[in-house]
Amino acid sequence: MTTAAPGDTLKPVDAHLADVLGVVSPLSPLDLTLPDAHGCVLAEQVVSTFPLPPFDNSAMDGYAVRAGDIATAGESTPVMLPVVGDIAAGSTGAYNVQPGLCVRIMTGAPMPAGADAVVPVEWTDGGIAQVRITRPAEPGAHVRRAGEELATGSMVLEPGAHLGATQIGLLAAVGRERVQARPRPRVVVLSTGSELVDPGTTLSTGQIPDSNSTLLTAAAREAGAIAFRVGIVPDDPRVLLDTLEDQLIRADLVLTSGGVSVGAYDVVKEAIGRLGEVRFDRVAMQPGMPQGFGVIGPDNTPFFGLPGNPVSAYVSFEVFVRPAIRRMLGVEPINRPTVRARLSAPLGSPPGKRTYARARMTVEGGTYVVTPVGGSGSHLIASLAQANAFAVVPEHVTSLDEGDIVTTMLLERRQT
Ligand code: AMP
Ligand code: MG
């Protein structure tokens, strides 16, 4: 490992992230339908308003009996009972099982009065008019009692609960159709650059497909946002400002890419100040040094002006935007998980900058191993697509050797 003294002219990554997180806060809860609440964070205490199960019901397909009537049942001493009715799931009829009789009953059907046990069909001959029972059943056998899981007034879910599939399933089971939850942030994504055309367009000289808006929209969705890909804006301040003014109405967060460095026609840097307070910083990271961040529009909507190179834009998204989206959702943790991994190849890093190197993480013999992929150019999107991790080289380190341990940020759950 080689180290160098820290540079002092650039803004530290952590300071920039702290500035971002100082501006964004969890969105106010809304009354959401269950599908809309899926993936969100609950913002109320949910208490059951009826017992679960709501009524005594059968846990098996079989026969509802009085346990005392079949106490002597056995293989060689079967008990024969007349079957006086049939209760299906959903049945609303009121049955009463008199001594010496039984009714056929299906799983989930309400227990009839008088009966105190269910004999599974497997312990019988399955008779319709009369049934032959060859095993006894304890009182209460195969009966699900009303309220045995949740009594009326029990806590179902606490505020702050993450509403995954099983949690919204539970909300449905306790009869909720809507809940108070923090909504997904709405993220508007646009690309700046007069060289950009929509994917699928035949390219003229000097043109390239706009990949950033597709990439960032997908990344925002993966982070939990509702993302709108607005698409391409040319390097024309008037068009940029008009487009943003139109889009602000549906945005909790605005993301642009391109036009934030020091070139001529760097349209975001040039024009965005007219819509709000946006700072342009040189952040001590590689890639992703130029960063615009602030608030725009009448509602002080958070705004990120990300650099245009696709790798820079994506690294900036992972380091600054994803945590902001997670904070707005109200979920924890806001950061990607990191592990300490063994480098399988040397890795260089400019002095004074934190490098996020595209890498592939594998687990070999119980150890995390990380292999850099692609070169250091921030335009290399093909290697970005191979990466499932970033190897993070600290600011003061300029080179790491094969075998060195490096902090590695995991971009997906899959680790091989
Ligand atoms: P800029 O930050 O606008 O100077 O752009 C830096 C580099 O990234 C240039 O090579 C741009 O052509 C490229 N670039 C900018 N925006 C996009 C985009 N949306 N998709 C693909 N490449 C882009
Ligand atoms: Mg540009």
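The values are calculated or read from the model by the stated rules, or taken from the named source; none is laboratory data. Predicted model only: the values in this text are computed from it and were never measured. Cβ sites come from the backbone with ideal geometry, for glycine too, and all protein chains shown count toward neighbours. With ligands, DNA and RNA removed, areas are computed over all heavy atoms of the protein, side chains included. Shrake-Rupley method; radii C 1.70, N 1.55, O 1.52, S 1.80 Å.
Please check: in the Gaussian network model of the chain (C-alpha springs, under 10 Å), which one of 30, 203, 400 has the largest mean-square fluctuation.
Checking each option, the largest mean-square fluctuation is seen for 203.
What angle do you read, to the nearest 10 degrees and between 0 and 90, between the alpha-carbon axis of helix 212-222 and the longest principal axis of the chain?
30
If one takes the longest principal axis of the Cα atoms in the chain, at what angle in degrees, from 0 to 90 and to the nearest 10, does the Cα axis of helix 237-247 lie?
Helix 237-247 sits at roughly 10 degrees to that axis.
What value does the chain have for Rg/Rh, both radii from Cα atoms and Rh as Kirkwood defines it?
Using only Cα positions, Rg/Rh for the chain is 1.21.
What does the C-alpha gyration tensor say about the overall shape of the range 347-395? Classify as rounded when a/c is under 1.5, otherwise prolate if a/b is larger than b/c, or oblate.
Oblate.
Order 38, 379, 16 by their accessible area, 1.4 angstrom probe, all chains in place, largest first.
Result of the area sort, largest leading: 379, 38, 16.
Tally Lys/Arg at +1 and Asp/Glu at -1 over every other residue whose Cβ is under 13 Å from the Cβ of residue 381; what's the total?
0
With the contact rule set at Cα under 8 Å and sequence spacing of 6 or more, what percent relative contact order holds for the chain?
Once divided by the residue count of the chain, the mean separation gives 18 percent.
Classify the range 283-357 as rounded, prolate or oblate, taking a ≥ b ≥ c as the square roots of the eigenvalues of its Cα gyration tensor: rounded when a/c is under 1.5, otherwise prolate if a/b is larger than b/c and oblate if not.
oblate
What does the charge count near residue 46 come to, summing +1 for each Lys or Arg and -1 for each Asp or Glu among other residues with Cβ under 15 Å from its Cβ?
Around residue 46, the charge tally is -2.
What does the charge dipole of the chain about its Cα centre add up to, to the nearest 20 debye, if the Cβ of each Lys and Arg holds +1 and the Cβ of each Asp and Glu holds -1?
The calculation lands at about 340 debye.
Using only the Cα atoms of the range 331-416, build the gyration tensor, take square roots of its eigenvalues as a ≥ b ≥ c, and label the shape rounded, prolate or oblate: rounded if a/c is under 1.5, else prolate if a/b is larger than b/c, else oblate.
In terms of gyration-tensor shape, rounded.
I need the calculated FRET efficiency for the pair residue 50 and residue 72, taking r as the beta carbon distance and R₀ as 30 Å, to the nearest 0.05.
It comes out at approximately 0.20.
Determine the calculated [θ] at 222 nm for the chain from helices alone, applying -39500 (n - 2.57) to every DSSP H run no shorter than 4 residues and normalising by the residue count; nearest 500 deg cm²/dmol.
Taking each H run of at least 4 residues, the total per residue is -4500 deg cm²/dmol.
Ignoring everything but the protein chains, give the 1.4 Å probe accessible area of residue 208 in square angstrom, nearest 10.
Looks like 80 Å² after rounding.
So how much accessible area does residue 279 have, in Å² to the nearest 10, using a 1.4 Å probe?
Rounded to the nearest 10, the figure is 140 Å².
Check residue 286: other-chain or 5+ apart residues with amide H under 5 Å from its amide H, H built from backbone geometry?
Distant-sequence amide H within range of residue 286: 354, 355, 356.
So how far apart, in nm, are the two label points at residue 145 and residue 250 if each is 7 Å from Cα heading toward Cβ?
For the pair residue 145/residue 250, the computed spacing is 5.3 nm.
Among residues other than residue 281 whose Cβ falls under 9 Å from its Cβ, what is the net charge (Lys/Arg +1, Asp/Glu -1)?
Residues close to residue 281 contribute a combined charge of +2.
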